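Okay, structure first, notes after.
None of the figures in this text is laboratory data; all of them are computed from the coordinates on show. A quick note: this is a predicted structure, and the numbers were derived from the prediction, not measured. Quick reminder, even Gly has a Cβ in these numbers, built from the backbone with ideal geometry, and neighbours come from all protein chains shown.
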Amino acid sequence: MNTQELVLKYYKEDLSAYRLIYSKMVTTYLFLTGIPVFCIGIYFFIRNPNVSNNDLWGVACVIYFYMFTLLLDSGAKKYVRKNFHDSTKTISPLGYAIKAEQKRLLKIELKNSGYKSSENVDDLINMYDNKNEKSKLERLLPFSILVLFWLPIWNEYVGFRFSGLLREIQDKSVYTEAFNLVWRLMAIGAVLWLFVFLVVKMIRLIFLNSNNRVENLCDILKEISHELKKVGK
């Protein structure tokens, strides 16, 4: 394995947000268990069109997920303040503090590997940039497929529920039921949107895939190269 590959391996395995912070937090695993628990909660809501005692289970499952999402974020910030280097632990927001710590440790690794000039670092950047360009399409494809299948399924479900309800309308009480269903589906849709947003955000932060790690590495290397150029002037 050549030096360029060793630097990339070091960044991926030792400088990921998961390795620096989240692997050392129990809350991380409680957050991950909260994802299927949340899905169970949504199942309770969808299965019971009318408000019932069974909804308490759904509410409890949803609260479980959001509670550990908040605890994960606050716990990560507390860990950074306690364990990161003095020069990086006070940086805010959290993503910047992680990047600053990665940069600090990477500069040490580059120096030990003989990359002491901006020209050496630029060579690494060019190599990693070329590698990253080849895989951009692969990053977008899974998410695009998920959206392509999920939206029609949700639209069909909403249409099915309303069609079945409207066929049964015989008195004013059913109109009230239809009104409640509208608000119920709107609430579920809002909760699902927030759920997807938080999961994508936290998973990207904790478990950046290989392509994103290379892109982030290039960004950090460009900052290091710029600093070396300023020192050389």
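On the basis of the beta-carbon distance and an R0 of 35 Å, residue 96 and residue 39 show a calculated FRET efficiency of 0.65. When each of 73, 123 is scored by the number of other beta-carbon atoms lying within 10 Å, the sequence from fewest to most is 123, 73. Using a cut-off of 22 Å between Cα atoms, the listed pairs 78/103; 9/201; 12/201 include 9/201 as exceeding that distance. Footprinting exposure proxy ranking of 39, 61, fewest other C-beta atoms within 10 angstrom first, gives 39, 61.
Shown for 127, 25: other C-beta atoms within 10 Å of each C-beta, ranked fewest to most, produce the order 127, 25. Model label points for residue 71 and residue 130, set 7 angstrom from Cα along the Cα-to-Cβ axis, are 4.9 nm apart. Length gained on full extension, residue 56 to residue 29, computed as 0.36 nm times the residue gap minus the Cα-Cα distance: 7.3 nm. Estimated at 0.36 nm per residue, the fully extended path between residue 13 and residue 192 surpasses their Cα-Cα distance by 61.2 nm.
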